[in-house]
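Trainee: Input: one structure, supplied below.
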Amino acid sequence: MRSEGDTWDIVSSVGRTALGVATFRAIEAERPDALIDDRFAPWFVEASGDQKFLGMLADPGSIDQRNFFPRTMGPRTRFFDEYFESATRAGIRQAVILAAGLDARAYRLDWPEDTTVFEVDQSKVLEFKEAVLDEHSARAKADRRTVVVDLREDWPAALVAAGFDATAPTAWSAEGLLPYLPGAAQDALFERLDALSAPGSRIASHGGPGGGDLQRLRAAARQYFDRGPFGDDPPFDLWYDDERADPVQWLTERGWTVQRFAMDDLFESYGRALPELPPDLPAAFAGMRNRMSFWTAIKS
Ligand SMILES: C[S@@+](CC[C@H](N)C(=O)[O-])C[C@H]1O[C@@H](n2cnc3c(N)ncnc32)[C@H](O)[C@@H]1O
């Protein structure tokens with residue numbers, strides 16, 4: 001469970017969720033019909049020594065097929081890839097990947113050469129990432145800058161100290177982040193982000209639980225997904241679902257134009273069927289799936 005100001009490394013607590021999604025990206029990238037290319041993801045899994053994820057990487061067929069979460073990673077990654085590609089096509093040259101984890105977009109995507117990509121996360125996560133990328137002599141395709149800071153704190157100061165320019169339009173992403181923030185920290189995150197966003201800035205993110213779903217989700221998941229992809233540390237045990245503003249509504253009220261993408265539609269647009277949930281799964285979990293929509297916003 002969580003506590004105020006808690007920290008983690010790549011094989012514990014919230015840090016391990018970054019390793020999990022990197023594992024699912026590595027598995028997606030090996031599919032014959034892969035939606036993404038990520039040759040970096042397996043490096044992280046191999047270097048972590050995490051037996052659960054190493055086992056999944058070696059034998060993706062061992063993943064409980066009732067669990068749809070690993071199979072969301074292809075469409076999810078592709079969605080954020082296309083978002084950044086569209087932002088740079090529109091002339092944006094500054095990207096901020098909040099809670100970057102083991103996201104290798106600074107290495108994977110073909111950024112215009114004058115683009116700066118900031119990666120924000122906790123220290124041990126970024127240290128691990130740096131060590132693995134150095135070991136493989138990986139070269140970023142943008143001016144990549146890491147920003148070690150906790151997103152529950154005054155992260156804008158750290159971002160600006162790393163060279164962020166608030167007068168230039170920015171493409172922000174908050175992927176796999178929001179449920180890990182307490183409500184007040186999420187609200188502050190969007191206030192700070194809005195204040196730092198010049199006209200033309202963009203953001204992409206996706207929803208999380210809200211209003212009581214989480215307790216039901218936890219109970220349902222324990223019953224049905226006892227062999228879940230994260231083992232004994234499922235991400236939803238690390239989530240908060242306390243009160244918070246709806247970011248889509250909040251941003252809309254402040255002049256951002258928001259576009260939503262339902263998960264079913266996103267899967268369909270990539271030629272993937274959304275994995276079916278077991279018919280007897282409690283409604284709480286189905287409701288959760290409906291919440292998992294993606295969205296982008298542009299500031300006018
Ligand atoms: C599920 S992972 C997602 C990583 C990456 N965005 C991706 O999709 O591959 C969650 C990430 O959020 C980061 N994170 C969560 N809460 C944070 C906080 N308060 N400050 C900094 N990073 C945080 C974790 O360290 C972890 O890397």
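Each reported figure results from applying straightforward, stated rules to the coordinates on display, with no laboratory input. Everything numeric in this text was worked out from a predicted model, so none of it was measured. Cβ atoms come from the backbone with ideal geometry, glycine included; neighbour counts cover every protein chain shown.
Trainee: So, how do all the Cα-to-Cα distances of the chain break down into 10 Å bins, in percent, from 0 on up?
Mentor: 6, 28, 39, 23, 4, 0
Trainee: Running a GNM on the chain with Cα contacts under 10 Å, which residue among 202, 89, 25 ends up with the highest mean-square fluctuation?
Mentor: Greatest mean-square fluctuation among the candidates belongs to 89.
Trainee: In addition: Given the options 201, 137, 62, state which has the largest fluctuation in a GNM of the chain using a 10 Å cut-off (strictly under) for Cα springs.
Mentor: Among 201, 137, 62, the largest GNM mean-square fluctuation belongs to 137.
Trainee: If I build a Gaussian network model for the chain, linking alpha-carbon pairs within less than 10 angstrom, which residue out of 142, 157, 198 has the largest mean-square fluctuation?
Mentor: Evaluated over the chain, the most mobile residue of the options is 157.
Trainee: Just from the alpha-carbon atoms, what are the Rg and Dmax of the range 1-56 in angstroms?
Mentor: In order Rg, Dmax, the Cα atoms of the range 1-56 give 12.8, 43 Å.
Trainee: May I pose another question? Residue 52: which lysines have alpha carbons under 30 Å from its alpha carbon, excluding same-chain residues fewer than 8 sequence positions away?
Mentor: 124, 129
Trainee: Under 12 Å between alpha carbons, and skipping anything fewer than 8 positions from residue 141 in its own chain: which aspartates and glutamates qualify?
Mentor: Cross-link targets: 110, 113, 114.
Trainee: Hey, what number do you get for the chain at 222 nm if only DSSP H runs of n ≥ 4 count, each worth -39500 (n - 2.57), divided across all residues, to the nearest 500?
Mentor: -12000 deg cm²/dmol
Trainee: Excluding residue 71 itself, calculate the net charge of residues whose Cβ lies under 9 Å from the Cβ of residue 71, where each Lys or Arg counts +1 and each Asp or Glu counts -1.
Mentor: In short, 0.
Trainee: Quick one: of the DSSP bridges fully inside the chain, what percent are antiparallel, nearest 5?
Mentor: Of all bridge pairs located within the chain, approximately 35 percent are antiparallel.
Trainee: So what is the relative contact order of the chain, in percent, for Cα pairs below 8 Å that sit 6 or more residues apart?
Mentor: It comes to 19 percent, rounded to a whole number.
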